[in-house]
1. Which residues, counting only those in region 720-733, are among the β-branched types (Val, Ile, Thr) and either within 16 Å of ligand 2 (Cβ to nearest atom) or in a helix (DSSP H, G or I) (or both)?
2. Sort through LEU701, LEU736 and tell me the only one that's at pLDDT 95 or above, more than 15 Å from ligand 2 (Cβ to nearest atom) and more than 22 Å from PRO632 (Cβ to Cβ).
3. If you take the residues of region 71-116 that are polar (S, T, N, Q) and closer than 16 Å to LEU220 by Cβ, which of them is surrounded by the most Cβ atoms within 10 Å (Cβ to Cβ)?
4. Answer yes or no as to whether PHE577 is of a type in the set (Phe, Trp, Tyr), within 18 Å of MET680 (Cβ to Cβ) and surrounded by 15 or more Cβ atoms within 10 Å (Cβ to Cβ).
5. Out of region 809-836, which residues are assigned to a loop (DSSP other than H, G, I, E, B), away from ligand 2 (no atom under 14 Å from the Cβ) and either out of contact with any Ser or Thr (no Cβ under 6 Å at 6 or more places or on another chain) or under 15 Å from ASP766 (Cα atoms) (or both)?
6. Which condition number in (1) under 44 Å from the mean Cα position of the chain (by Cα); (2) farther than 30 Å from MET748 by Cβ; (3) at pLDDT 95 or above is the one that ARG690 fails?
7. Looking only at residues that are more than 12 Å from ligand 1 (Cβ to nearest atom) and surrounded by fewer than 19 Cβ atoms within 10 Å (Cβ to Cβ) in region 750-773, which one is nearest to the chain's Cα centre (by Cα)?
8. In region 360-379, which residue that is small (Gly, Ala, Ser) and buried (at least 20 other Cβ atoms within 10 Å of the Cβ) is nearest to GLY283 (Cα to Cα)?
Amino acid sequence: MSLTITQNSPAWKDARPVDANYVYDFDEPSEGGRALLGGKGIGLAEMTQMGVPVPAGFTITTDACRAFMRDGDLPAGLAEQVDEHVRRLEAKTGKSFGSTEDPLLVSVRSGAAISMPGMMDTILNLGMNDAAAEGLAARTGNPRFAYDSYRRLIQMFGETADGIDGHAFESALTALKKQRGVQLDTELTADDLRELIGTYKEIYRREIGSDFPTDAREQLLRSVRAVFRSWETPRAQVYRRAHDIADDLGTAVNVMQMVFGNKGDRSGTGVAFTRDPSTGASGVVGEYLANAQGEDVVAGIRTPQPLDAMREAMPDAYRQFIETAERLEAHYRDMQDVEFTVEDDKLYLLQTRAAKRTAAAALRAAVAMVDEGLITKEEAIRRIDPSQLDQLLHPMIDPKAKLEVAAKGLNASPGAASGGIVFDADSAVERSKNGPVVLVRWETTPDDIHGMIAAEGILTVHGGMTSHAAVVARGMGKPCVAGCEGLELRDGTATIGGTTLREGDVITIDGGTGTVYIGEVPLVPPQLNDDFETILGWADEARRLTVRTNADTPEDAARAREFGAQGIGLTRTEHMFFGEERLPVVQQMILAEDEAGRRAALDRLLPFQQSDFEGIFEAMAGLPVTIRLLDPPLHEFLPAEDQATDERMRQRIRSLHEANPMLGTRGCRLGLMYPEIYEMQIRAIARAARAVHERTGAAPLVEVMHPLVAFQEELKRLRALTEHVWAEEAPDVAHLVGTMIELPRAAMRADEIAEYADFFSFGTNDLTQTALGFSRDDAEGKFLTKYLQDGILQRNPFETLDASGVGDLMRIAVERGRSVKDGIKLGICGEHGGDPQSIAFCEEIGLDYVSCSPFRVPLARLAAAQAALAKAGTGEYVAAGG
Ligand code: PEP
Ligand code: MG
């Protein structure tokens with residue numbers, strides 16, 4: 001029965017039904033799916049249903065986590081429900097929780113709806129205490145294993161539930177190994193481990209001021225609380241922000257019977273991928289560690305062996321594992337990342353989830369899966385993350401360069417990166433403000449996440465292909481070399497080969513080959529492969545939006561065309577005013593006393609502009625090219641006042657000073673104040689179009705664009721000027737005249753403006769500034785950072801369109817513009833034109849094209865296809881696991 005609550009009751013919003021069900025067994029149906037059970041929980045439930053060997057257990061829902069976050073404690077009734085499910089687990093396993101004879105031990109693992117690898121906490125071996133360890137030792141005849149499991153519990157519980165610094169435990173372990181003269185944990189005897197338990201308990205008492213809790217139920221409930229709390233740790237928050245994951249999802253908690261990979265030589269643990277996560281090549285690949293528990297592999301504490309080692313050591317379990325992994329891939333119809341444990345030759349799967357993969361692997365696997373008939377082309381398109389394509393468009397080390405390899409490690413995440421070395425995450429953040437850095441660590445932990453975001457690449461001494469550094473770097477698309485044993489870190493220095501390096505010294509890493517070089521190394525542009533072309537070809541068939549590029553030079557235009565741009569959506573002509581030969585002429589023009597003086601300077605600028613335009617028109621032959629007339633305030637072309645070369649210049653600089661240039665004499669206001677400037681530009685455009693037409697026979701479709709229009713009358717006059725000059729210069733060459741929509745008034749009065757416009761291009765950089773009243777330069781790095789940190793805003797509105805505010809203005813402009821001119825061309829050329837979410841919005845409101853920087857063109861092609869498919873409801877994809 002539910003609580004009776006009324007809207008008048010002050011607590012009505014927060015009250016929960018007392019009989020809410022917060023706990024589900026893995027084999028118990030629930031309707032909440034992934035959002036309720038988390039990725040790991042739903043994966044375990046589905047595997048159980050498929051008959052895959054999974055240890056028994058239950059999931060505490062994300063609802064319980066949300067209630068915990070709200071109230072600061074476990075919701076009413078949860079503890080009793082956990083007790084009930086523990087009883088069921090005891091019945092299933094024939095063991096009892098808290099028993100000293102034959103104890104049931106459980107693990108507690110976090111699992112949010114969206115995978116956050118290594119970000120939250122896990123505690124193993126709950127249910128252990130002094131007596132249980134003795135019981136387990138006697139029962140299994142394996143005291144070493146029993147004590148090893150116990151000492152791990154004290155450490156994990158101490159760290160996770162009570163926040164003890166893990167180094168305290170690690171150094172006790174290291175000291176003991178040193179004392180005994182052994183290298184490996186596995187070389188310690190049962191007696192050694194028993195001694196270690198004593199030391200660990202002392203550490204616990206010293207740090208916490210009370211004894212390590214021996215009651216199994218207390219251990220379990222405190223662990224559940226710890227996992228819920230781990231959702232809100234700074235590292236988890238940073239990760240969520242970097243991956244656009246909502247803060248209020250919460251995590252589920254999975255409680256599972258322990259199976260033991262650390263029981264001896266017939267046991268082990270591993271992580272595998274159903275295809276290679278670096279290249280996408282078919283076939284299971286993975287890593288395996290004999291006589292170990294899972295955390296040893298994931299945390300990169302011991303460097304594991306390739307999966308083949310398992311084939312030799314335990315062929316039956318190996319065969320069964322490969323078959324199961326293949327079944328899981330076929331079931332989820334996607335590449336899986338699987339964790340498993342073998343206990344005395346018996347295989348258990350602990351987790352399955354969609355594998356994090358590099359962009360190259362994502363493309364390879366998607367194309368292969370379409371060929372294998374596993375997925376459709378539409379599904380293939382929808383499961384590639386557009387922002388990941390960036391990885392493939394970055395430079396790589398010149399294969400022809402003769403280079404001296406300083407060290408080799410594992411090729412954990414491809415791509416090349418050069419930068420000054422830093423040895424910790426905070427320094428990475430600090431130093432990256434002044435140039436690229438490479439983060440060099442013994443191994444990374446989730447606490448390093450902010451440094452990994454700031455660094456260009458990551459290099460670790462330790463850890464394998466599934467270590468934290470490797471997994472996270474692949475997810476971020478950053479180069480990573482892991483397990484580089486030729487590298488020594490000591491006292492703030494790194495020694496590679498015979499060379500000792502200090503913070504700031506430059507190295508280069510190649511995560512595709514696992515090589516490390518000292519110094520900077522020549523890079524070459526990326527090579528696009530067949531898979532890339534195939535997927536983008538499919539995307540082109542699926543999309544409705546045209547993709548153009550923002551380009552100011554013939555080189556940019558040509559590159560963008562290679563990437564598939566279908567025209568230019570924005571050429572910023574002011575960039576052409578800055579060349580060495582031009583700037584002095586531009587300055588003369590600005591400093592001139594009168595119109596005649598200005599015209600004289602403009603006459604000298606015209607040939608420069610014309611030749612620039614000719615280059616661009618040739619690169620874009622046959623495609624539309626939008627050229628925007630001068631936009632920035634004139635003072636941007638003059639030096640600072642104290643650098644003026646004479647008094648007249650100083651005075652002019654002073655007279656051009658504006659309190660707020662973003663809202664000052666710029667855009668079309670310049671064209672109306674000094675028509676001769678726009679006249680020269682229009683003349684140069686028209687002459688260039690005509691010359692290219694005559695020379696090549698293929699004229700581009702020229703679109704002359706007037707910036708920052710607010711009033712119909714502005715565009716009316718500027719259109720008249722444009723048509724007048726065009727008729728003089730190129731009467732036979734087709735052209736359009738249009739405007740940017742970058743002021744709220746222009747959006748609101750789009751119907752009036754459309755009467756004089758053949759096209760609108762949304763300048764969402766300025767439209768965002770003016771609609772929000774945010775000056776971009778004053779917002780980013782200042783209050784906007786705080787807004788994002790505090791959750792006042794979820795996203796940076798200069799990166800992802802503020803769809804409800806700025807987007808509404810766009811919607812109004814589209815509607816009103818089309819109401820007077822049905823066929824008016826509509827596009828976007830602000831930065832948002834290259835952002836996948838904003839592209840989806842452009843699809844929704846029915847724009848004709850998006851325009852973005854050349855390197856983002858492939859991404860925009862894919863995002864536009866995904867937007868079209870999403871709108872049509874085709875090819876939807878939900879990744880497995882968590
Ligand atoms: C815009 O405002 O969105 C735009 C493209 O113009 P700019 O960034 O040059 O101001
Ligand atoms: Mg603008």
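The values are calculated or read from the model by the stated rules, or taken from the named source; none is laboratory data. Please read all numbers here as calculations on a predicted model, not as lab measurements. Reconstructed Cβ throughout: ideal geometry from the backbone, glycine too, with neighbour counts over all protein chains shown.
1. Correct list: THR722, VAL725.
2. Exactly one residue qualifies, and that residue is LEU736.
3. In this case the residue turns out to be SER110.
4. Numbers: of a type in the set (Phe, Trp, Tyr): yes; within 18 Å of MET680 (Cβ to Cβ): yes; surrounded by 15 or more Cβ atoms within 10 Å (Cβ to Cβ): yes.
Yes, satisfied.
5. Result: LYS821, ASP822, GLY823, ILE824.
6. Going through (1) under 44 Å from the mean Cα position of the chain (by Cα); (2) farther than 30 Å from MET748 by Cβ; (3) at pLDDT 95 or above one by one, ARG690 breaks only (1).
7. Result: LEU772.
8. The qualifying residue nearest to GLY283 (Cα to Cα) is ALA365.
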